[in-house]
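Have a look at the structure below before the remarks.
The values are calculated or read from the model by the stated rules, or taken from the named source; none is laboratory data. None of the values given here were measured: they were computed from a predicted structure. Using ideal geometry, Cβ is built from the backbone for each residue, glycine included, and neighbour counts are taken over all protein chains shown. Heavy atoms of the whole protein, side chains included, go into the accessibility calculation; ligands, DNA and RNA do not. Shrake-Rupley method; radii C 1.70, N 1.55, O 1.52, S 1.80 Å.
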Amino acid sequence: MFFSHLFVPLLPQLIYYIAMRKYFLLLLTLAGFSLAHAKVILPQMFQSGMVLQRGKPIPVWGKADPQERVVIRWQKKQYTTTADGQGHWRFDLPKTKAGGPYTLVVGDQELTDVLVGDVWLCSGQSNIDVHIERVYPQYADEIDRFSNDKVRLFRVRNATNTHGVQDDILPTAWKPLTKENAWPFSALGTFLGKRMQEKTGVPQGVIVNSWGGTPIEAWLSADSLMHDYPMLLKKVAFYQNDNYVRAQMQANNEANKRWEEILNTQDDTQTYPQLSCHDTDWKTIDQNDWTWHGIGSVWLRQHIYIDKEHAGKPARLLLGTLFDQDVTYLNGQEIGHTYYQYPPRRYDVPEGLLREGDNVIAIRFINKYGAAHFIPEKPYMLCFGDDRYSQNPMPRDVIPLGSQWKMLVGAEMPSCPSGDVSLQNLPTTLYNAVLYPLAPYALSGVVWYQGESNTGNPAPYGDYLRKLIGGWRDCWKDQQMPFVVVQLANYDGRQQTAFPRPITDQADPTNSSWAQLREAQRLATLGDECAETACLIDLGETVDIHPLRKKEAAERVALCMDRLVYGEWPALSPQPVGHDVSGQEVTVIFDQPMQDGPIAEVEVAGADKRFVNVEAVMSGAYLKFRSPVNNPAYVRYAWKDNPRATMRSRKGLPAFPFEYVLTP
């Protein structure tokens, strides 16, 4: 009774204590559940199969709940960090030697098959983007054997942002080097990674971040443009209205869709491709001097005779390069369709389609602007045999096409209304969306191959390029980050344009915009101990803005990286470092011995910069000539879009095109 008497007054407190204990236990259980299942978000760069940079601290970063503890397990050690008030966190793992595969665990995410080696960022416009598929005929045997698990490929997906920098890129993945994985990947990047892996024996990661046709301004940060180019930022501000951009893009899509609907209802796409179509009354044209300035569609037909030996066999039809869009048929069956001017037309002819005797190739050109035409100096032929995919050397069994075609206008159309919004061409949009989110992922170096889209106004390019190099180094907080700028190759664009013009030798001096931009590229790295320019003045093609010798281009880039990253001193492309003027006798001194002999494409001018050609001779490291101009003040070499670049080092590398000031 006594015990019960004492217990009764305490009963409410006891009940309260038991209830609160259960409540706290529940809270602890929930908290434990939350901690056990808290999601740590890693950037897209961090995935299984990735390559981390050797020999440098390895930044790992991401998002979590504010103030959340993040646990990282790497190389049998555990590290912890804490997210800040906004949920952002970063931890730099210690320097690691090359090797792998390893496992990296961050929070609840386990990343396997992680390699440590060298990582390269390749960026720019379409010449970085040119795929292995495009260059396959140049290196068919080598590409067929692609298989190297120590080379990993990472393609950044295209995106834009007009509002400012963003945290991450679109979903993508690291992939090992195989023919299949490389097929839609950068040819230059692939050959660079393969070459570096074979040289060093360590894993290589190649990140490609490019967009065809984009100007350098799109890759610059707003901070770098704010002081000197505020008008460029005002241009971006106009497109920060998402409703306006969305409406313009929708209107443009609808206009294109409607234009094509009208075209297709008025064009006879059923009759004109057929072998039975009577084309004797069609106009005969020669592809070498033909252009069609209409808007709409035009048909070309060519009959080819196939003998018994080739009848029924599979083949590959090479139709060079065409302007602009084409649909190509053989004996009434569509065998290929290309939507814009630059890709080479390589169309597979299935087994059984070619018949003995008469066959017909029909090309439907679809033209929304400019003039439809063939690009000269390209292969036009039917290729047979197992080597039909190769063009280096050409297949042994070919039937050349003739230059004569039958022509008939399919359907004439008015111009297609356009409200196109190309956000990727606006200043800062690519820096914001696809460059900034990559930092601070540790890199060995950066390859920048861009400039074709800026040749229309080359004057500010040098300043833009220095801002890009400095701005990207700031983004990574690494002022010694190696940069290799790939100089524009030789090219004559007078045929690969909307309105082609005959290609003739540029014998007289001309102030080429391509040469000006090349010089801006060379000078931007001159004096920068952590940057080089790779010269491609002998690797271009007269009529193709996308030259195919990307393996050789990658080797030039690799030589520059050998110097910048690995501390070697390979001979690079020669350039002038000094001069001597005695009256009319001029000597330009180079940084290395050269191949002796006469040198073409040398020009001299006085202070008025009116250049004239001169006959020059190279002897050792000295370029010598007698100036026809009194008081010579400037020397230029290879100052044309598509120069005859004959000056070479004794190692065989071409000299840089240049404009050199003969200071007193």
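Worth pointing out:
- On the principal axes of its alpha carbon atoms, the stretch 413-462 extends 53, 26, 17 Å, with the longest extent given first.
- Extension gain from Q166 to R145, taking 0.36 nm per residue of separation minus the Cα-Cα distance: 3.7 nm
- Net length available on complete extension from V661 to Y79 is 203.8 nm, with 0.36 nm assigned per residue and the Cα-Cα distance removed.
- Cross-link table K97/K651; K550/K651; K313/K378; K368/K406; K313/K368; K56/K179, entries beyond 27 Å C-alpha to C-alpha: K97/K651; K313/K368; K56/K179
- Charges were assigned to the Cβ only: +1 to each Lys and Arg, -1 to each Asp and Glu. The resulting dipole of the chain about its Cα centre is roughly 2140 debye.
- Backbone N within the stretch 58-81 under 17 Å of label point (7 Å from D92 Cα along the Cβ vector): 58-62, 79-81
- Of all accessible heavy-atom area on the stretch 99-245, the percent that carbon and sulfur account for (1.4 Å): 49 percent
- Sequence-distant aspartates and glutamates (8 or more away, or on other chains) whose Cα lies within less than 17 Å of K609: D508, E519, E601, E659
- In degrees, nearest ten, helix 513-525 long axis to first principal axis of the chain (Cα): 40 degrees
- Taking 0.36 nm per residue of separation and subtracting the Cα-Cα distance, full extension of the segment from H293 to R610 would add 110.4 nm.
- Summing charges over all other residues whose Cβ lies under 14 Å from the Cβ of R246, with Lys and Arg as +1 and Asp and Glu as -1, gives -3.
- Dividing the summed helix terms, -39500 (n - 2.57) for each DSSP H run of n ≥ 4, by the number of residues in the chain produces a 222 nm estimate of -7000 deg cm²/dmol to the nearest 500.
- Counting all C-alpha pairs of the chain, share separated by more than 43 Å (%): 37 percent
- Packing rank of 448-459, 340-351, 245-256, where each peptide gets the mean count of other beta carbons within 10 Å, highest leading: 448-459, 340-351, 245-256
- Gyration tensor analysis over the Cα atoms of the stretch 231-333 returns equivalent ellipsoid semi-axes of 41, 17, 15 Å (largest first, whole Å).
- Principal-axis tilt of helix 550-564 within the chain, Cα atoms, nearest 10 degrees: 60 degrees
- Proximal charge balance of V298 [Cβ under 14 Å; K/R count +1, D/E count -1]: -1
- The stretch 452-521: proportion of alpha-carbon pairs further apart than 13 angstrom, %: 72 percent
- Net +/- balance of residues flanking H278 in space, Cβ distance below 11 Å, scoring K and R +1, D and E -1: 0
- The stretch 82-146 has equivalent-ellipsoid semi-axes of 36, 19, 12 Å, by the square roots of 5 times the alpha carbon gyration tensor eigenvalues, sorted largest first.
- Once both labels are positioned 7 Å from their Cα atoms along Cα-to-Cβ, the gap between Y102 and Q584 label points is 6.9 nm.
- Amide proton proximity set for D348, modelled H, under 5 Å, gap of 5+: L317
- Angle between the chain longest axis and helix 187-200 axis [Cα atoms, degrees, rounded to 10]: 70 degrees
- For the stretch 457-547, the relative contact order comes to 45 percent (Cα pairs under 8 Å, sequence separation of at least 6).
- For the stretch 271-334, the per residue solvent-accessible surface stands at 42 Å², with DNA, RNA and ligands left out and a 1.4 Å probe.
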